[in-house]
Every structure is written in C-alpha cells, then in structure tokens.
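To keep things clear, I will list the structure first and then write my remarks on it.
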Amino acid sequence: MVRRAAESVPEPDAAEEEATGAVDDSPGASVEGGRPGYYIAAIGRALAVLDAFSPERPELALRDVAAAADVTQPSALRIGYTLVREGFLVRNPLTKGYRLGPKAISVGMATLGSMTLPEIAEPYLVDLRDRTGETVKLAIHHGATVVFVSRVPSLQHPSSAHHIGTRLPIHATSLGRAILARLPEDDAERLVAESAEAQLTARAPSREAVLAELPRIRERGYAVNDQGTSLEHRSVAAPLVGPDGAVVGAVNLSVSAHRMSAKEMEATLAPEVVAAAEAISAVLPPDVQGRGWS
C-alpha cells in the first residue's frame, strides 16, 4: 500500500491554549509525540489499527490488531469492539477477523473526493519512480493535446524535458496514445485529426500509424513511444480509468534510449507502469477533479 511519509505536526501555541482553556486532564492523555495532554494515546492506537489495512491485507485477526496497536490481545479486543460499534470496522462472522466498515470507507471517499487527480496519484508516482529509478509523469488530455500535470524526476538520471504544463499533440506521445486507445473510436479519430502535425523526430509515427496501433495498445494495456518525441528517450504509458470506465489521464515512465532498448523497456518496465496505473485507477472517485476532457 502506498502511503505518504509522516509529517511533523505543529503543537498548539499559547494563544490556542488560552482560547480553548486546554488542560492536561483528558482521558488517555500521554506525553507521547508532544507535550503532555496533546497526544491521546488511545486514539493513536485505534488509528494505527485502521492504518494497518491495505489492499493486500483486507482482514486483520485479533493478534494483528494487537500488533498494530502495540497492545495485549484483551486490549485489542476492546479496541476492535469500539471500532465495530462506531462503524469503522465490521467483524467477519466466519473467521472472527476485522475488515474496514462503512464509516471508514466514507471517510476515505470523502478525502479522495476533495483531492485533485495529481494529488491522488502523487504517492503512487513517487513509488513508481523509487521502484524503477526512472522519471515518471502524469498527463491529461485537453482537446487534441496532452498536458503534463505532474512529474517525478529520476534521482539517478535527471532530465529537463517535459516539465509540468508542457503541451504536446495527443497522437505524438505514449501518454496520448494510451488515452486515445481507451476513448470511443470516433472520438479518437476526431482528436487525432484535430491534433497538430508533429514530426518531432524522424522516428515519429504518422497519424495513420497511430490510429492503426490503437487496438493493439488497448489489448495489451500500454503504449510505447520509441524516440518519437526525442531521440534521447523512449517511454511507456498506461491509462487511468475512472469508476465509470472513462479514461481520465495516463501515467508514463521515460528512459534514456542509450541505457535501455525498447524491448527491454517493455519486458521490465511496462508491467510496473500498468500496475501503478491500475492502483491509481482503483482509488479514483467519480468525477475526480482535474481529469482530462475531449
């Protein structure tokens, strides 16, 4: 499961203390994580249990709850009971394990609903960069162009190409082709026809070649740009799909053409890009802010 790194939390200042009449007598108050009275350990333990769930770990046994909260199993049973009673967990009657309940899901969806596409995708893009060591980008389609809206540069192989805000004809990039392959055929043909002619390199495919390739891209789940926008780079991209099945953008990963062949890129990196795109797509809310449009 991809998570953001923990951030430092500022403590209340003297003015807040005076205004609220804050005192150190709250039940379960602890000095853990700050001055006495501000960190409530009981709440921290309950949140640690909720944080222990992931797509790979959808159910926790009692011993898992105890380990997540760092408490004994009798204490874990009380934490589990409280979270079930409040609707944040449900109990599996067959295994006696715990799963996330409707309130936890509602909180998660409310959070996602308030975030833009780049904000939702960012931790997954960073994870993809860290796992592959390559530069990762997110783009949306705006009419007959793709617009780069997020970029996580490689730490080992930095590149100055295609910063946030860069626009390119939709048929000219792996990102655009991944998007085109998920659009209705009539829409894809119209956007390719409307996109600016772009022979950026001698290896750039024609509009007709791009249209002919779309069924294959759709079937395998990713698009490849082999030195079509820059002779120094090749890239592989996969689409982002919302809950309604409509394409909302695409993620790509670019590599130096001198370091990796197209065949090697497809064999080793295409599955990583597809997996990242599927993980992002799985958490997208309906009508996510910042999605592309035709």
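Pop a pseudo-label 7 angstrom from the Cα along the beta-carbon direction at both HIS163 and GLU119 and give the gap in nm to one decimal.
With each label placed 7 Å out from Cα toward Cβ, I get 2.4 nm.
How much of the accessible area of the stretch 142-258, probe 1.4 Å, is carbon plus sulfur, in whole percent?
Carbon and sulfur: 52 percent of the exposed surface of the stretch 142-258.
Rounded, prolate or oblate for the stretch 66-155? Axes are the square roots of the Cα gyration tensor eigenvalues, ordered a ≥ b ≥ c, and the cut-off for rounded is a/c under 1.5.
prolate
Where Lys and Arg each count +1 and Asp and Glu each count -1, what net charge lies around TYR81 among other residues with Cβ under 13 Å from its Cβ?
+3
Could you let me know the centre-to-centre spacing of the stretch 246-294 and the stretch 75-140, using Cα atoms, in angstrom?
Taking the Cα centre of the stretch 75-140 as reference, the centre of the stretch 246-294 is 21 Å away.
How do 249-257, 280-288 rank on mean C-beta neighbours within 10 Å, highest first?
Top to bottom by mean Cβ count within 10 Å: 249-257, 280-288.
On average, how much area does the Cα convex hull of the stretch 239-290 cover when viewed from any direction, in nm²?
Answer in nm², one decimal: 4.0.
Using 1/(1 + (r/R0)^6) with R0 = 35 angstrom and r between the beta carbons of ARG63 and LYS103, what's the FRET efficiency to the nearest 0.05?
With R0 = 35 Å, the Cβ-Cβ based efficiency is 0.90.
Tell me whether the stretch 153-284 comes out rounded, prolate or oblate; compute the Cα gyration tensor, take square roots of the eigenvalues as a ≥ b ≥ c, and use a/c under 1.5 as the rounded threshold.
oblate
Counting only residues 5 or more places away or on other chains, whose amide H sits under 5 Å from the amide H of ILE164 once H atoms are built in the peptide plane?
none
Read phi for every residue in the stretch 212-217 and hand back ³J(HN,Hα) as whole Hz from Karplus 6.51 cos²θ - 1.76 cosθ + 1.60, θ = phi - 60°, with x for Gly and Pro.
Per-residue couplings from phi come out as 5, 7, 4, x, 5, 4 Hz.
The values are calculated or read from the model by the stated rules, or taken from the named source; none is laboratory data. Here the structure is a predicted model, which means the values were calculated and not measured. Neighbour counts run over all protein chains shown; Cβ positions are idealised from the backbone, glycine included. Each accessible area value is taken on the protein alone, full model and side chains, heavy atoms only, with ligands, DNA and RNA left out. Shrake-Rupley method; radii C 1.70, N 1.55, O 1.52, S 1.80 Å.
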